[in-house]
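Each remark here refers to the structure printed beneath this line.
The values are calculated or read from the model by the stated rules, or taken from the named source; none is laboratory data. Only a predicted model underlies this, so the values are computations on that prediction, with no experimental measurement involved. Here the Cβ positions follow ideal geometry from the backbone for every residue, glycine too, while neighbour counts run over all protein chains shown.
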Amino acid sequence: MTGAVAAVDVGTNSVRLLLLGADGERITRELTITRLGYGVDGTGHLDDDALARTLDTIAGYRALWTQAGVTDRVRIAATSAVRDASDRDRFFDGVRRIAGVDAEVLTGDQEAALSFAGAAGAVEVDAPAAVVDVGGGSTELVVGDADGDVVGGISLQLGCVRLTERHLAADPATSDQVEAARAFVDERLDEADEVLGGQGADLAAARSLVAVAGTATTLAALHLGLDAYEEERIHATRVPTSALLELTERLVAMTSAERAALGPVQPGREDVLHGGALVLSRVAQRYGFDDIVVSESDILDGLANSLL
């Protein structure tokens, strides 16, 4: 199977692989939650166990892309957790050793642009559209124009893992912790307004909001009442903002064990899902969107398509 490509997205919470054939058809898409960003926000260092889990996962992915006939067209990109870690060379050295590939760290601007590229065109929405990508350590907000070109974007130090570690330590979170978390989200969105405004972009002027990544897809699965995660049913789902707010309130009031018992919640996401929901629901509410449109295509697709 010549001409195939492999893209690996190393996030704060999960590591994902996408293999595409030479004509762009999907060979496989995999996700493993390794929590590489565990504790990075507080210590500035990568956790030994989390790093080991991540490298083991990438080694397993290497076996998959080798089996698919991928040789040199491999892109391994890391985001917030590695960007923030002072000992990030441990990650680079480990990836080079086990995968034979040099990993890269995406800048916030690159991450935002790739998120938009992966989501744009994957779902039918009214233009101009904006994309929100709630990750583990960061959230990307990207605004497009009527032609589908990027007008402005920002990567915020705001993600489900970061928000949970900073403000939602109790299980379940206390009312004071939730209010502090909401205030932190609003502070970061104030920052986004200032930066986007300087770029000539206005998130509130977008007619559609496309939401990508694990928080959004899991919330869509819960909104649909799915017993298990079903990618085909989740993609292009519209979740009304009113329903998103109600779902967020439910998740925030639950314990991690209660969230884990919800059918489509993947193991390893239950303890940070409520943090991601607080971010996503606030974005939708603050900028006046009636609903969000959830896309399974995201930064990982942007990475893979860049190799074709």
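If Q177 passes every condition in (1) of a type in the set (S, T, N, Q); (2) crowded, with 16+ Cβ neighbours inside 10 Å; (3) under 30 Å from V70 (Cβ atoms) but one, which one does it miss? All conditions are met except number (3).
Conditions (1) in contact with a helix residue (DSSP H, G or I) (Cβ under 8 Å, 6 or more places away or on another chain); (2) within 16 Å of C160 (Cβ to Cβ), marked per residue:
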| site | (1), (2) |
| --- | --- |
| L209 | yes, no |
| G214 | yes, yes |
| L222 | yes, yes |
| R238 | no, no |
| A243 | yes, no |
| T255 | no, no |
| R259 | yes, yes |
| V265 | yes, yes |
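Picking from residues in the range 130-151 that are of a type in the set (D, E, K, R) and in a strand (DSSP E or B), the one that is nearest to D301 (Cα to Cα) is D133. All conditions but one from (1) buried (at least 16 other Cβ atoms within 10 Å of the Cβ); (2) of a type in the set (A, V, I, L, M); (3) not assigned by TED's automatic domain parsing to the domain that holds E231 apply to A130; the one that does not is (3).
Yes/no matrix, rows are residues, columns are (1) over 19 Å from G159 (Cα atoms); (2) surrounded by 15 or more Cβ atoms within 10 Å (Cβ to Cβ); (3) of a type in the set (K, R):
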site	(1), (2), (3)
A228	yes, no, no
E232	yes, no, no
Q266	no, yes, no
R269	no, yes, yes
L278	no, yes, no
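In the set (1) closer than 30 Å to A206 by Cα; (2) in contact with a Lys or Arg (Cβ under 6 Å, 6 or more places away or on another chain), the condition left unmet by A113 is number (2). Output the residues belonging to the range 55-86 that are of a type in the set (S, T, Y) and in a helix (DSSP H, G or I). Result: T57, Y61, T66, S80. State whether one or more residues within the range 293-305 are under 16 Å from N13 (Cβ atoms), part of a helix (DSSP H, G or I) and touching a helix residue (DSSP H, G or I) at 6+ places or on another chain (Cβ under 9 Å). Taking every residue of the range 293-305 in turn, at least one turns out to be under 16 Å from N13 (Cβ atoms), part of a helix (DSSP H, G or I) and touching a helix residue (DSSP H, G or I) at 6+ places or on another chain (Cβ under 9 Å). Looking at G24, G39, just one residue is exposed (fewer than 14 other Cβ atoms within 10 Å of the Cβ), touching a residue at least 24 places away in the same chain (Cβ under 8 Å) and not charged (D, E, K, R), and that residue is G24.
The helices (runs of 4 or more DSSP H) located wholly in the range 152-267 that include 2 or more residues which are touching a Ser or Thr at 6+ places or on another chain (Cβ under 9 Å) and in contact (Cβ under 8 Å) with a residue 24 or more places away in the chain occupy 160-167, 175-198, 214-224, 231-234, 241-253.
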